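The values are calculated or read from the model by the stated rules, or taken from the named source; none is laboratory data. Keep in mind that what you see is a predicted model, and the values were worked out from it rather than measured. Cβ placement follows ideal geometry from the backbone for every residue including glycine, while neighbour counts extend to all protein chains displayed. Each accessible area value is taken on the protein alone, full model and side chains, heavy atoms only, with ligands, DNA and RNA left out. Shrake-Rupley method; radii C 1.70, N 1.55, O 1.52, S 1.80 Å.
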Amino acid sequence: MIAVIVLVNIKPGSRLWGFMRFVLGRFPLRNVPGLRFSKILGSGQDGGFGLKPSATRQGLFCIFDQRAQAEDFLNHSNIVADYRAHADEFFCAMLSAFSVKGTWSGQSIDVTDSEPADGPIAALTRASIRPSKAAQFWRNSPPAEESLGNAGGCLLAVGLGEAPIFRQATFSIWDSVDHMNRYARTGAHMDAIRASLGGHHFSESMFVRFKPLYTSGQWKGRHFA
């Protein structure tokens with residue numbers, strides 16, 4: 001399995017097109033060769049993690065059976081071409097997992113790589129938040145978001161959502177495993193994780209670490225290649 005993520009900031013004149021991705025975007029994905037799983041995702045304001053949604057920033061996460069199918073999707077599909085054409089900023093990455101815990105809508109991801117000794121890694125965390133626990137969960141979000149924005153070695157971080165309030169995700173890219181571990185296992189983020197797990201905030205969750213096979217584009221002014 002190979003994962004693909006696409007992040008876009010929609011042009012002002014294309015906001016209706018961007019909104020319609022949430023309504024109609026899943027239908028073209030049904031015919032993509034090798035596509036096993038996909039989610040069209042919104043984002044918080046300015047690509048952040050808060051409750052206020054962004055009118056322009058959104059994402060697409062996919063899992064493919066094989067690398068060649070993922071490459072063909074990124075390089076030749078009309079779906080990705082349309083995202084590029086309607087975006088002020090466009091970023092994409094192709095990823096292989098080296099650590100996986102949990103599921104997303106019942107789907108797991110196969111571990112297909114080993115932890116890199118050096119170089120960048122990427123991480124995806126997502127959760128279905130129990131409605132009765134949502135207020136407690138979101139009280140912990142601002143300190144964790146602030147610490148992520150200031151974390152050393154964080155190259156990219158975006159808050160994503162499959163649905164407002166209750167189905168949330170975070171995608172990030174780090175200079176190294178050590179940089180990510182220093183953030184994940186200390187401070188406000190560690191406090192938020194302990195509170196969430198100890199309080200049984202999630203009905204389903206997934207935590208994945210990836211080796212980036214390919215990155216391209218721009219996100220919040222930063223260029224990737």
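For the range 1-72, the extents of the C-alpha atoms along the principal axes are 35, 22, 17 Å, listed from largest to smallest. Scalar couplings 3J(HN,Hα) for the range 35-44, obtained by applying the Karplus form with A = 6.51, B = -1.76, C = 1.60 to θ = phi - 60°, are 6, 9, 7, 8, 9, 8, 10, x, 9, x Hz; x denotes Gly and Pro.
Of the solvent-accessible surface of the chain, computed with a 1.4 Å probe and all protein chains present, 50% belongs to carbon and sulfur. A simple rule links phi to the HN-Hα coupling: the Karplus curve 6.51 cos²θ - 1.76 cosθ + 1.60 with θ = phi - 60°, which for the range 73-85 gives 4, 5, 8, 10, 6, 5, 4, 5, 4, 5, 4, 4, 5 Hz, with x for Gly and Pro. Note on the chain: helix-only mean residue ellipticity at 222 nm, from DSSP H runs of 4+ residues weighted -39500 (n - 2.57) and normalised by residue number, equals -8000 deg cm²/dmol. For the range 22-177, the solvent-accessible area works out to 46 Å² per residue, with a probe of 1.4 Å and every protein chain left in place.
Electrostatic tally near Ser105: other residues with Cβ closer than 12 Å to its Cβ, Lys and Arg +1, Asp and Glu -1, net +2. Of the chymotrypsin sites (Phe, Trp or Tyr not before Pro) found in the range 1-88, not one falls in a DSSP loop while having at most 13 other beta-carbon atoms within 10 Å. Residues whose amide H comes within less than 5 Å of that of Phe202, counting only those at least five positions distant or on another chain, are Arg130 (H built at 1.01 Å from N in the peptide plane). Would you please classify the overall shape of the range 27-104 from the alpha carbon gyration tensor, given that a ≥ b ≥ c denote the square roots of the eigenvalues, rounded means a/c under 1.5, and beyond that prolate means a/b larger than b/c while oblate covers the rest? Cα axes put the range 27-104 in the oblate bin. The simple spin-label model puts a point 7 Å past each Cα toward its Cβ; for His223 and Glu115 those points are separated by 3.4 nm. What the phi angles of the range 129-136 give under the Karplus curve with 6.51, -1.76 and 1.60, with θ = phi - 60°, is a coupling list of 8, 5, x, 6, 10, 4, 4, 5 Hz, glycine and proline written as x. Amide H contacts of Phe37: Ile63, each under 5 Å away and 5 or more positions distant or on a separate chain (H built 1.01 Å from N in the peptide plane; Pro and chain starts excluded). For Ser176, the residues whose modelled amide H falls within less than 5 Å of its own, excluding neighbours fewer than 5 places apart on the same chain, are Ile121. Cross-link pairs exceeding 20 Å in C-alpha to C-alpha distance, out of Lys39/Lys133; Lys101/Lys211; Lys52/Lys211, comprise Lys39/Lys133; Lys52/Lys211.
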